[in-house]
Every structure is written in structure tokens, then in C-alpha cells.
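The values are calculated or read from the model by the stated rules, or taken from the named source; none is laboratory data. Remember, predicted model here, so these are calculated numbers, not experimental data. Please note: Cβ atoms are built from the backbone with ideal geometry, for glycine as well, and neighbour counts cover all protein chains shown. For the accessible areas, the whole protein counts, side chains as well, though only heavy atoms, and no ligand, DNA or RNA atoms are used. Shrake-Rupley method; radii C 1.70, N 1.55, O 1.52, S 1.80 Å.
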Amino acid sequence: MPRKSKYRNKKTKIDGYPGIVFDSRKEARHFLRLKEREKRGEINSLKLQPKFKLTVNDVHVCYYIADFSYYTESDEDNLLVVEDVKSPITSRNPVFRLKKKLMKAVWNVEVIEVI
């Protein structure tokens, strides 16, 4: 008998995207919304599970793996957007909170929580 997920999320696959398994239905739905935005040209270079190296004072601290990243155009240039799909419970996770602060300090990127 398979173990229940710690946060009760259900792994989800989407027809038309073989080989991609999302950690939750919520994350899968958000991916489809982002794909629609990409088709409309609102965003570009959509990535799943992008990995960011977090280094402070030349010391590698950890990696942060987000759910999604993409670029959106501003008046000057492309802006990197990093998103993480969270439930109210997972957004309070202390490790996530710390990594979110490190992303701002190291990469100057504000991680957007999609709740």
C-alpha cells in the first residue's frame, strides 16, 4: 500500500505532456495556465524545476529548485520570474522561507508564491 503524501498532495500527469509528473494537481493546473500565457506571447522561456545555486561569500550554501521560471518583457529588458506553487501549510515551511530569502539576497529575485 503506497504511503500518503506528507501534505496530502496527489502526483498528477497531464495528457499531451508525457514524462512530466507534477507534485500536485494545483501545480499541474498552474503549468497549463503558464503554457497558455506562453502561447499568447505574454511570457517566454518557461522552465520546469529550474535549479538555482545559492552561494554566500564564496561558500555554496544550497540549491533552490523552484516549480517554474520564465521571462516577461518590461520596458528595458526581460525580467526573470520565479514561482513556487504552495498551499497555506507548505508556505510556512521554515526551509522554504530561508531559501526564498536567499534567492532575494543572492539572485535579487523575489520568489512568487502561488497559493
### Query
If we scan region 19-26, do we find a residue that is open to solvent by less than 60 Å² (accessible area, probe 1.4 Å), modelled with pLDDT of 95 or more and either out of contact with any Gly (no Cβ under 7 Å at 6 or more places or on another chain) or among the small types (Gly, Ala, Ser) (or both)?
no
### Task
Name the one entry in Ile43, Ile65 that is at pLDDT below 95, of a type in the set (A, V, I, L, M) and either within 21 Å of Ile115 (Cβ to Cβ) or open to solvent by less than 90 Å² (accessible area, probe 1.4 Å) (or both).
Ile43
### Message
Please verify whether Leu34 is more than 21 Å from Lys104 (Cβ to Cβ), open to solvent by 50 Å² or more (accessible area, probe 1.4 Å) and without any contact (Cβ under 8 Å) to a residue 60 or more places away in the chain, treating the condition exactly as stated.
### Response
no
### Message
With the requirement that a residue be open to solvent by 20 Å² or more (accessible area, probe 1.4 Å), within 13 Å of the chain's Cα centre (by Cα) and not aliphatic (A, V, I, L, M), what does region 73-86 give you?
### Response
Lys86
### Task
Name every residue in region 61-92 that is of a type in the set (A, V, I, L, M, F, W, C) and outside any loop (DSSP other than H, G, I, E, B), in order of residue number.
Val61, Cys62, Ile65, Phe68, Leu79, Leu80, Val81, Val82, Val85
### Task
Sort through Asn57, Asn44 and tell me the only one that's more than 25 Å from Asn9 (Cα to Cα), touching an Asp or Glu at 6+ places or on another chain (Cβ under 7 Å) and of a type outside the set (Phe, Trp, Tyr).
Asn44
### Query
Of all the residues that make up region 89-104, how many are out of contact with any Asp or Glu (no Cβ under 6 Å at 6 or more places or on another chain) and open to solvent by less than 80 Å² (accessible area, probe 1.4 Å)?
7
### Message
Suppose the filter is touching a residue at least 12 places away in the same chain (Cβ under 8 Å), open to solvent by less than 90 Å² (accessible area, probe 1.4 Å), among the hydroxyl-bearing types (Ser, Thr, Tyr) and under 20 Å from Gly16 (Cβ atoms); does Tyr70 pass it?
### Response
yes
